[in-house]
1. Restricting attention to the stretch 290-300, which residues are outside any strand (DSSP E or B), buried (at least 18 other Cβ atoms within 10 Å of the Cβ) and touching a strand residue (DSSP E or B) at 6+ places or on another chain (Cβ under 7 Å)?
2. Is it the case, given these coordinates, that VAL270 is of a type in the set (Val, Ile, Thr) and buried (at least 18 other Cβ atoms within 10 Å of the Cβ)?
3. Answer yes or no as to whether ARG330 is surrounded by 13 or more Cβ atoms within 10 Å (Cβ to Cβ) and over 25 Å from MET155 (Cβ atoms).
4. For a quick check of your reading of the model, give me the residue pairs whose first member lies in the stretch 216-236 and is farther than 15 Å from ARG315 by Cα, whose second is β-branched (Val, Ile, Thr) and assigned to a loop (DSSP other than H, G, I, E, B), with beta-carbon atoms closer than 7 Å and at least 6 apart or on different chains.
5. Assess whether GLN215 counts as being under 17 Å from the mean Cα position of the chain (by Cα), within 17 Å of ASP361 (Cβ to Cβ) and of a type outside the set (A, V, I, L, M).
6. Do you know which residues across the stretch 381-411 are in a helix (DSSP H, G or I), acidic (Asp, Glu) and modelled with pLDDT of 95 or more?
7. Count, please, the residues in the stretch 350-370 that happen to be within 22 Å of ASP93 (Cβ to Cβ), of a type in the set (A, V, I, L, M) and in contact with a helix residue (DSSP H, G or I) (Cβ under 9 Å, 6 or more places away or on another chain).
Amino acid sequence: MSNHSPDDHLVLDDFRELERIGATPAGGVHRLSGTPEDRLLREWFRSRAEDQGFEVRVDGIGNMFACREFTPGAPYVLVGSHLDSQPLAGRFDGAYGVLAALHAARRVLSRLAAEGVSPPLNLAVVNWFNEEGARFAPSLMGSSVYAGIYSLEDMLAVTDLDGVSVRDALDSIGYRGSDEPPRAACYAEIHIEQGRILEREGIDIGVVEASWYTQKLDITVNGEQSHTGATAMADRRDALVGAAEAVLAVHDATLDFPEGALVSSIGQHVVEPNSPIVVPRRVHMIADLRSADPEVVRAARAALLDRFAAIGEKRRVEFEVDDFDVREVRRFPEAGVSLAERVIASEGLTSRRLSTMAGHDAVAMNSIVPAVLLFVPSVDGVSHCERESTEDEDMLRGVRALTGVVRELLERTPGPPRSAAR
């Protein structure tokens, strides 16, 4: 017999319902931004929020805000994450954070009503658009438009590999809104760790104190299209061969630094014309470099540019390389970190401080308002794949921690804004 409370059962039942949307046969989910699956996720979010008495707003980039006003004219505590996923992805990345935010908000509202308290700040649960950047690049799109990092019009014009724009994708599912988003006082988010530290050390909750430096490179390798059977090997200018060597160079860039100092990958390739009897004329790909130390990334970038030039000369292809989606190291406010640690301890849970290697909407929001980012353990540390998992008890502990943080944030903001928030 389960020892879970009725509130806990509601969390787990909602998650079981949510994970069925876009479910894959191997136990994951596939629900890219602006697709029919995304529309179903949004309808689920709207239904749950309206059932709790929230007013749902949708802004121009498709962000959804479930708003509850306590003090007219006051800014909002925003809490949430994202519902979109990577292709053939796990059930927890992003979606758990939205689910936890909805249930934390529900619990806070219940407690405020029972106490007869009206807080000085308002509350909104948010589902950010296109955090993953899987269909449309860059990632963190919705939260970055909200934060003023990217312009709305520029992001609406971004297209996927099939030439469909963000504007058209949102219109196709009925979620390119025109509502004015709520003005933020601060932001809170909970996410799976996507790493092994919490699981390995037996810690309940991670409190993020900083984000890693991220540098992406937009790489195009240009060769010459020719016949695979009729063109002599010495006459070929094969873009894919040059790109293959570049992939290995990006991977091996980590060997120039102490173990763990740099992570690197190339995850996406577009090969043209992609015919079995044609030597490729062009390959487009994105390299991703990350480190806690910006100088490590800058040194790796410089070395890679030299390596690409050498590969180009050897293979008689040309490299075009542009900087893309550069994110500085950003520290989370000490006041918010300390607040979270106090709340977690008061719940009888353990915590430790972490840095985040991955990007999250909290990183974008932390550029304009104080933000709090919490992690729950990930089984085996795996993420962005169908076997991504987090135990039920860890999810429930996370909701408890987030509930306490949201309640505290409604009473006080952890530090001054970085700049004028919306």
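1. At the first step, the residues of the stretch 290-300 found to be outside any strand (DSSP E or B) are 292-300.
Still in the running and buried (at least 18 other Cβ atoms within 10 Å of the Cβ): 296-297, 300.
The answer is VAL297, ALA300.
2. no
3. no
4. HIS227/ILE277; THR228/ILE277; GLY229/ILE277
5. Details: under 17 Å from the mean Cα position of the chain (by Cα): yes; within 17 Å of ASP361 (Cβ to Cβ): no; of a type outside the set (A, V, I, L, M): yes.
The answer is no for GLN215.
6. So the first thing to find is which residues in the stretch 381-411 are in a helix (DSSP H, G or I), and the list is 381, 392-411.
Among the residues that remain, those that are also acidic (Asp, Glu) are: 392-394, 408, 411.
ASP392, GLU393, ASP394, GLU408, listed by residue number.
7. Of the residues in that region, 5 qualify.
Condition check ((1) part of a loop (DSSP other than H, G, I, E, B); (2) more than 19 Å from the chain's Cα centre (by Cα); (3) not aromatic (Phe, Trp, Tyr)) across all residues:
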residue	(1), (2), (3)
ASP8	no, yes, yes
GLU17	no, yes, yes
SER33	yes, no, yes
LEU41	no, no, yes
ARG46	no, yes, yes
GLU50	no, yes, yes
GLY53	yes, yes, yes
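The values are calculated or read from the model by the stated rules, or taken from the named source; none is laboratory data. Computed from a predicted model, the values in this text were never measured in an experiment. Glycine gets a Cβ as well: all are built from the backbone with ideal geometry, and neighbour counts include every protein chain shown.
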